Amino acid sequence: VSTQSTGKFKKPNKIFFFLAKPKMHKFTFRDTTMSFYKDGSATGPPDFVQDLKDCQIVPEVDIRKGKYILHIKPPGDKKYQVLFADKEEFCQWTAACRLASKGKPISDSTYESEIEMVRSMANMQEHSQTLKLNRHKRAPVNHDEIKTEDLVSARVSRKYRPEQLANLIMDAHNMLPRREFTATELRLNYILKWERLMDFGMTYFIVKFDKSKKEELLSVGRTSMSRIDLSPPHDILKTWHWTSVQGWHVNWEVEKLTFEVDSDSFTFSCNSAYIKVVHEYIGGYIFLTIRKESDTELDKEMFYKLTGGWQ
């Protein structure tokens, strides 16, 4: 990936962010930091600098406007956007930013696979939007022939009318290649699509941090855990990647968990589950983080050491 590019950029800290017009900037990438320059030569001091570590990276494709948008949300209330006109450049920069959010440079061995995941996501969004734009050209869907209750949850069914659900299901069906699939292939395709969802694998707990006056959400996932405001729109306040967690322990008497990150310690109690459950999730994900792909055998002793300790 090129370490510098030019595109439109919307700065954070705007009172009416959605009304702000994006302006052309030149931006550069170094390690885990992006620098934005109003000067096209990028020789003077940058107009804005953002360390991407622990930022939330959300890609978006809008084929109506021919735009590829990269949403970058640092912990707290700030947010900004980078707009690309070129799809491949968008995929490369999104992959680089995703790695940087985990504290990894673009020289990391997973960079190419990250690009492929972003490219697949972009293709899927483009195809989905194209189907919706051309929906009027196909034959009307008879929603009586599609038993939507067999395909979606009751929670989703309450949000849409039967005919809306039928159209959405047909859109998803038309995104599949025109060939016969085995049951195993369909299940694998479902799992792959599921894994590419933004909230895939996230488990949420209601917690209360020490020195905090209100309850918050703690999301625990494959690569990190995040502290989230419990009130809508549920802003991410802080993200900690497992690679930066230096240690943790549980005070079983008062049922509080303490973890250390970069010389800081954080303590919280869990109000939606027994603290043992949170401890097992953290230990399990850290075990997966330190486990090498070449390991064919499960190190049971290490697994029980990281997830046990309450007995």
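A few comments on the model shown:
- Between S212 and H71, the simple label model (points 7 Å from Cα in the Cβ direction) yields a spacing of 2.1 nm.
- Within the accessible area of region 153-272 (1.4 Å probe), percent carbon and sulfur: 54 percent
- Inter-probe distance in nm under a simple model that places probes 7 Å from Cα toward Cβ, at S244 and T223: 1.3 nm
- Separation in nanometres of the label points that stand 7 Å from Cα toward Cβ, at W252 and S157: 4.4 nm
- Length available on full extension from V49 to L237: 0.36 nm per residue minus the Cα-Cα distance, which gives 65.7 nm.
The values are calculated or read from the model by the stated rules, or taken from the named source; none is laboratory data. Treat the numbers as computed from the prediction; the structure is a model and nothing was measured. In this analysis, Cβ positions are derived from the backbone assuming ideal geometry, glycine residues included, and neighbour counts consider all displayed protein chains. To get the accessible areas, we keep the full protein, side chains included, count just its heavy atoms, and leave off ligands, DNA and RNA. Shrake-Rupley method; radii C 1.70, N 1.55, O 1.52, S 1.80 Å.
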